[in-house]
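The values are calculated or read from the model by the stated rules, or taken from the named source; none is laboratory data. Keep in mind that this is a model prediction, so the values were computed, not measured. Cβ: placed from backbone, ideal geometry, glycine included. Neighbour counts: every protein chain shown. Remember, those area values only see protein heavy atoms, side chains included, never the ligands or the DNA or RNA. Shrake-Rupley method; radii C 1.70, N 1.55, O 1.52, S 1.80 Å.
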Amino acid sequence: MITTPDNDNNFDGPMIFIIIGKGYESDSSEGIDLHIMLKAPDDDTAVREALNALAEEGFIEADLDQIGMLTEVPAEEPHASAYQGAVDGEVAIIRFS
């Protein structure tokens, strides 16, 4: 996996993306609001890895609405521990009921 940024922004820290969307576990289920945090070299890779992680968690479909790069470490949970997991190379999926 590529870990260096694939752009000219010269960002000093790790590139941690947050993707906001909704996941569906069955055709008839109501969507679950999600925040996905992960480290990736660019947004295309981040989306691909997020979709793969959602599939591994049993989601059959996802609507990804927004993607952005975090520039500060979140202070509040559950985002603070999800950020640390992303820095460590995990794909962190936060579910909202």
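Data for the structure
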quantity: Meets criteria (acidic (D, E), open to solvent by 60 Å² or more (accessible area, probe 1.4 Å) and modelled with pLDDT of 95 or more) for D12; calculated: no
quantity: Condition check for T71: open to solvent by 80 Å² or more (accessible area, probe 1.4 Å), of a type in the set (V, I, T) and closer than 12 Å to F17 by Cα; calculated: yes
quantity: Conditions (1) without any contact (Cβ under 8 Å) to a residue 40 or more places away in the chain; (2) part of a loop (DSSP other than H, G, I, E, B); (3) of a type outside the set (D, E, K, R): number failed by G89; calculated: (1)
quantity: Residue that is surrounded by the most Cβ atoms within 10 Å (Cβ to Cβ) [pool: residues in the stretch 75-86 that are within 14 Å of the chain's Cα centre (by Cα) and not hydrophobic (A, V, I, L, M, F, W, C)]; calculated: Y83
quantity: The listed residue being under 11 Å from L34 (Cβ atoms) and open to solvent by 80 Å² or more (accessible area, probe 1.4 Å), out of E57, E61; calculated: E57
